[in-house]
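Single-structure report; data block below.
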Amino acid sequence: MKKRNPQNRFAFVHSLLITVLFLSVVNLGCAQKSIPTTAPRISTVYTGDIINGKKVVSSLNTDDLEAGKKHLLYFQGVQMSTGQHWYVSVIVAKGAKPGKRFTITSGVHGDEMSPIHTVLAIMDQLNVAEMSGTVMAVTDIARPALESMQRRWPSSGRGTELSDMNREWPGNENGFSPVSRHAGLVFNRLLLPNTDLAIDFHTGATGLDAAVFNIGDMSNEDVKTMNMLYPVQMIWDNAAYPGLLHNAYMDAGIPCFTPEIGVARRLELDLIPIFVEGTMNVFKHYRVIPGVLGRTTKDAKTYIGKNAVPIFVTQGGFIELFVKIGEKIVPGQKLAIQRNAFGEIVAEYNSPVNGLIAGMRSDATAEPGHALFFILSDASPVTGLPSFVD
Ligand SMILES: [Zn+2]
């Protein structure tokens with residue numbers, strides 16, 4: 001298999017993009033304002049359980065943890081049908097001295113593997129003795145989705161139901177689904193009380209490949225500062241959609257954005273170092289760790305785009321792609337054709353704009369209405385798109 005050049009790729013969204021795109025198009029998605037809030041002080045509660053040698057907490061205040069040390073804990077999430085709990089893994093690197101408190105997360109979608117590896121690689125590089133501040137990592141937030149390598153959280157409400165956890169934030173501890181309650185518990189008792197700045201890592205989705213980029217509302221100064229410290233090929237400057245974890249943080253006054261690390265299901269070992277380097281740059285900038293900045297957007301000559309132009313599938317049939325992720329394209333360029341089961345060409349898809357291929361369908365079949373491409377572009381957004389979520 002031909003090795004992809006990370007410089008020719010940029011991050012893209014899993015099908016989060018679809019939602020974000022639609023809302024940006026209809027101008028509904030830009031309502032998030034950073035509202036400075038003070039999270040209520042919460043106490044650390046140990047349940048008394050120990051799993052695999054790790055203490056279990058049902059709420060956490062990192063102020064209660066010993067400084068100059070890494071702590072490995074399980075957070076007790078929502079219960080399953082059997083009465084047991086979904087536990088999530090928490091690593092707290094608490095610096096010897098006080099400073100900013102960062103939270104980095106992965107596993108909100110269960111088929112996104114590179115974010116987990118990225119978060120663990122970052123935590124591995126942190127030396128608490130020289131840290132001023134705290135970095136908390138939560139690697140496996142949507143545990144039941146991760147157990148079956150799928151995007152959505154399975155539950156048994158009315159037969160098997162699949163819920164996209166990244167439409168649930170900030171959740172509701174008394175909500176009408178386990179995923180809503182789990183989000184509420186995690187957000188209220190773990191993330192919100194311990195975070196000044198946050199980064200929520202994602203990838204493309206099963207069936208929809210993505211390039212490598214960051215998504216964030218660059219009108220927020222801290223979000224802009226953090227994004228500009230990543231040597232990614234592209235940034236999509238977008239406020240995104242209520243229900244995403246990064247926007248729940250933003251609504252709570254905590255700057256946050258989402259890096260997208262390539263495709264789902266497998267480790268992008270050639271791309272992960274870009275995001276480790278960018279995140280370490282962020283920690284250096286906010287003086288959590290000492291050191292000289294590595295490569296940033298200046299080195300990567302990052303393209304910052306506001307618009308993602310979609311191309312939707314119009315027919316049922318088999319897709320043949322003529323472009324690659326991250327490829328620069330021009331108006332009128334043939335991007336794909338589609339054949340029916342007789343081999344007849346039933347559709348041809350051409351680019352309406354200049355831009356870069358940010359995402360494209362990776363499954364060879366497609367039904368009408370599926371997203372086939374997203375093109376990051378300076379072109380105006382297309383209007384009159386159908387209303388759908390994910
Ligand atoms: Zn995701």
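What follows is calculated from the coordinates using simple rules that are stated; it is not laboratory data. If you're wondering where the values come from, they're calculated on a predicted model, not measured in any experiment. Note that we place each Cβ from the backbone using ideal geometry, even for glycine, and neighbour counts take in every protein chain shown.
For a Förster distance of 51 Å, can you work out the FRET efficiency between the beta-carbons of ASN350 and ALA121, rounded to the nearest 0.05? Walk me through the numbers before you get to the answer.
On the way: r = 40 Å, r/R0 = 0.79.
For ASN350 and ALA121, the calculated efficiency is 0.80.
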Report the one residue of VAL186, THR365, VAL346 whose Cα lies farthest in the direction of the positive end of the charge dipole of the chain (charges on C-beta: Lys and Arg +1, Asp and Glu -1; origin at the Cα centre).
VAL186
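If you take every DSSP beta bridge fully contained in segment 77-152, what fraction is antiparallel? Give it as a percent rounded to 5. Spell out each step's value before the answer.
Working: 6 of 12 bridges.
Antiparallel: roughly 50 percent of the beta bridges in segment 77-152.
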Shape of segment 262-304, Cα gyration tensor, a/c cut at 1.5:
oblate
Expressed in nanometres to one decimal, the distance between label points 7 Å along Cα→Cβ at SER132 and ASP270 is 4.0 nm
Under the rule of at least 5 residues apart or a separate chain, name every residue whose amide H is placed under 5 Å from the amide H of LYS55.
TYR74
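Net charge near LEU72, counting Lys/Arg +1 and Asp/Glu -1 over other residues with Cβ under 10 Å of its Cβ?
On the way: positive: LYS54, LYS55, LYS70; negative: none.
Counting the neighbours of LEU72, the net charge comes to +3.
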Give me, ordered by chain and number, the residues 5 or more places off GLY77 or on other chains with an amide H under 5 Å from its own placed amide H.
TRP86, TYR87, VAL88
Segment 98-158-segment 327-381 distance, computed between alpha-carbon centres (Å)
33 Å
Taking only C-alpha pairs under 8 Å that are 6+ residues apart, what is the relative contact order of segment 238-338 in percent?
13 percent
For the chain, with the dipole built from +1 on Lys and Arg beta-carbon atoms and -1 on Asp and Glu ones, taken about the Cα centre, which of SER377, MET218, LEU126 lies farthest toward the positive end?
LEU126
What is the Å³ per residue value for the convex hull set by the Cα atoms of the chain?
144 Å³
Segment ILE50-GLU221, length gained on full extension (0.36 nm per residue, minus Cα span)
57.4 nm
For the chain, modelled as a Gaussian network with Cα springs under 10 Å, which listed residue fluctuates most, ASP237, ASP270, ASP217?
ASP270
Highest-fluctuation residue, VAL292, VAL78, VAL88 considered, GNM on the chain with Cα pairs under 10 Å:
VAL292
Hey, what do the phi angles of segment 195-201 turn into as Karplus ³J(HN,Hα) couplings, whole Hz, using 6.51/-1.76/1.60 and θ = phi - 60°, x for Gly and Pro?
10, 9, 9, 9, 9, 10, 8
Pick from ARG287, ARG265, ARG181 the residue whose mean-square fluctuation is largest in a GNM of the chain, springs joining Cα atoms under 10 Å.
ARG287
Can you tell me, using C-alpha contacts under 8 Å and at least 6 residues apart, the relative contact order of the chain as a whole percent?
19 percent
